[in-house]
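The values are calculated or read from the model by the stated rules, or taken from the named source; none is laboratory data. Predicted model, so just to flag it, every value in this text is computed and none were measured. Positions of Cβ are generated from backbone atoms using ideal geometry, with glycine treated the same way; all protein chains shown enter the neighbour counts. Surface accessibility is based on the protein's heavy atoms, side chains included, excluding ligands, DNA and RNA. Shrake-Rupley method; radii C 1.70, N 1.55, O 1.52, S 1.80 Å.
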Amino acid sequence: MAVCARLCGVGQSRRCRRRQRHNQDVQGSDSDLDMDEEEEERIVGHKQADNGCGGLEGCSATAGPSDALPEYASANVNTHGWVDRANTGPPNPQSLLDLPPELLVEIFSLLPGTALPNVALVCKKFRQILNTETIWRRRCMEEFGMKEDLRKMEAGGVSNRDLYVKLLHPYRHILGLWQPDIGPYGGLLNVVVDGIFIIGWMYLPPHDPRVEDPMRRRPLFRIHMWESKKASVECMYGHKGPHKGDIQTVKKDEFSTKCNQTDHHRMPGGRQEEFRTWLEEEWGRTLEDIFHEHMQELILMKFIYTSQYDNCLTYRRIYLPPQLPSDLLQPGLFKGTYGSHGLEIVMLSFHGNAARATKLTGDPNVPAGQLTLDIDLTRPVVLPDLERQRSIEELSRLVLGVHEEMQREAEQKAKEISTSPQEAAEGACGGATAAEGVKAGSVVNSEDCQSGPNNSPNTPDVQPFILPLGVMARNEVYPRTSKKCFYGTGLIAGHGFTSPERTPGLFVLFDEDRFGFIWLHLKSFSLYSRLTDHLAHAHAPNMERFEAMLRNMQSWTS
């Protein structure tokens with residue numbers, strides 16, 4: 001504020017304003033310096049009236065050919081129709097206070113909304129100018145993407161300033177992606193400015209096993225100023241329409257929701273009707289349609305566990321991964337098939353020579369937040385011909401061959417570390433055990449240290465692909481060509497995340513939006529398809545913040 005005072009030539013005290021008037025050679029006796037603030041404000045207001053601003057009620061935010069200009073400026077429009085700034089206001093302005101009000105409106109419109117309260121503290125003139133709706137309309141549009149929706153709010157008697165100050169600014173910290181704390185199940189919440197509301201949309205995967213269908217959305221809460229002059233929070237859970245709710249900020253990057261009328265979540269038919277309705281929304285079928293007994297148990301368990309929260313949940317912020325030029329494909333969110341557990345959402349990210357998929361939704365075996373896939377991009381695998389691809393034994397030989405080689409290299413590296421640093425460095429890069437060549441049905445190993453995926457010149461751009469006989473796939477419609485294959489491991493565990501173990505498998509890249517993973521131990525295939533929804537306020541500011549978030553996610557459910 002001190003900087004603003006120096007720029008404007010004003011200060012917080014009357015002494016500063018006296019000095020300003022003295023420096024501007026304002027004539028008057030010593031008694032004039034002792035005038036009270038009320039008289040000073042009358043002078044400021046009189047000066048503004050002389051300038052034709054009329055208390056800023058008619059001031060325009062910009063000065064263009066079609067703008068309504070103040071009287072004193074109308075005679076200073078040049079031949080192009082624009083205001084000649086050099087001929088408006090005092091001939092030699094010494095501070096911001098000397099600038100015409102419409103120019104100050106334009107300047108203040110360029111400032112972030114968070115800076116405007118401090119500007120208002122500088123002096124009364126600035127405080128009056130900041131009541132101009134044009135400034136706040138521009139802030140709502142540029143910071144929160146509101147456009148035509150502002151007209152609806154204005155028609156309802158809500159000013160742009162109130163909209164920004166009482167709704168958008170106070171709740172700006174909850175915009176973006178969040179993971180709800182629902183035990184092992186997790187989830188994906190996207191909080192956005194949606195029309196005249198701030199809405200929390202819960203993203204649900206498509207019905208199993210249609211992995212390439214679009215995501216489904218369910219509103220959990222909304223915040224608005226439609227019915228009053230203050231922001232109102234409503235719970236959207238249940239089937240009786242919006243009702244009273246509350247949002248509380250727990251700490252940085254964490255908030256909680258509370259429903260104040262949980263009776264709105266109950267249905268006339270009791271828990272049985274609630275379960276049938278939930279099952280149809282969640283799975284798109286009835287329990288009688290699901291013949292697998294174990295699958296029925298998992299579904300019933302999830303309903304009992306998740307429905308007990310009644311939309312009273314805690315959310316933790318998550319980020320989308322940054323993209324680097326060396327990435328194998330664009331990182332982001334993918335829907336994947338997980339056998340009896342149905343479809344789940346994972347986040348694919350790249351970390352040097354590794355690609356990792358982290359669960360955003362989970363199950364009682366491997367909960368949300370855990371690293372489901374870990375792919376070594378320095379270990380490409382060239383598939384054999386289609387006939388040999390049909391053999392699970394052939395695939396096992398290829399993948400387990402890489403697995404055993406990695407174990408030997410790890411043992412060798414441990415020995416070399418105990419001998420000399422130079423030999424240890426050679427072992428870290430692969431040493432003398434590099435691949436002797438690339439041929440069909442073989443493993444391709446890196447010959448030296450790389451910063452990205454190994455792209456062998458002998459590897460074809462597109463390879464025919466077919467699942468081996470005996471490998472189960474929830475979705476039988478999968479791509480029949482692949483671009484690249486890599487060795488990787490998948491996380492499996494017993495119920496309750498007991499005895500977790502990383503087991504070898506094959507990562508198959510089909511195209512920019514689809515990949516798959518063959519779990520050798522389970523003889524199962526998971527197909528993943530990209531989530532293409534636009535997610536605003538979601539990208540990580542940097543890789544360090546993103547990796548710290550991943551570590552926190554794993555600790556939530558470990």
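Greater than 25 Å separation of Cα atoms is the criterion. Which listed pairs, K335/K523; K125/K147; K252/K302, meet it?
Exceeds cut-off: K125/K147; K252/K302.
What number does region 241-358 give for Rg over Rh if you use C-alpha atoms and the Kirkwood radius?
The Rg/Rh ratio comes out at 1.07.
Percent of accessible area on region 308-399 owned by carbon and sulfur, 1.4 Å probe?
47 percent
Counting only protein heavy atoms and using a 1.4 Å probe, what share of the accessible area of region 116-209 belongs to carbon plus sulfur, as a whole percent?
Of all accessible area on region 116-209, carbon and sulfur atoms account for 52 percent.
Rolling a 1.4 angstrom probe over the protein heavy atoms, how many square angstrom per residue are accessible across region 296-410?
Heavy-atom SASA per residue in region 296-410 reads 35 Å².
Please go through the residue pairs K166/K251; K124/K230; K229/K258; K413/K484 and name each one whose alpha carbons sit more than 24 Å apart in this structure.
K124/K230; K413/K484
Summing Lys, Arg as +1 and Asp, Glu as -1, what charge do residues with Cβ under 13 Å from the Cβ of Y305 carry, Y305 excluded?
Spelling it out: positives minus negatives among the neighbours equals -4.
Tell me the net charge near D511. Cut-off is 13 Å between Cβ atoms, D511 excluded, with +1 for each Lys or Arg and -1 for each Asp or Glu.
So the environment of D511 carries a net charge of +1.
In the full protein assembly as shown, how much of V477 is accessible to a 1.4 Å probe, in Å² to the nearest 10?
Number for this one is 110 Å².
Could you provide, to the nearest whole Å², the per residue accessible area of region 151-232 with probe 1.4 Å?
Per-residue value: 38 Å².
Could you please state, rounded to a whole Å, how far the C-alpha centre of region 342-390 is from the C-alpha centre of region 486-536?
Rounded to whole Å, the Cα centres lie 4 Å apart.
Around Q179, what is the net charge, scoring Lys/Arg as +1 and Asp/Glu as -1 over all other residues with Cβ under 9 Å from its Cβ?
My count for the surroundings of Q179 gives +1.
Based on the alpha carbon coordinates of region 100-139, what radius of gyration and maximum Cα-Cα distance (Dmax) apply, in Å?
Both quantities, over Cα of region 100-139: 8.9, 24 Å.
Going Cα to Cα from K483, which lysines come in below 19 Å? Please leave out same-chain ones fewer than 8 positions away.
K439
Test of the criteria: in region 468-516, which GluC sites (Glu not before Pro) are in a DSSP loop and have at most 11 other Cβ atoms within 10 angstrom of their Cβ?
E476, E512
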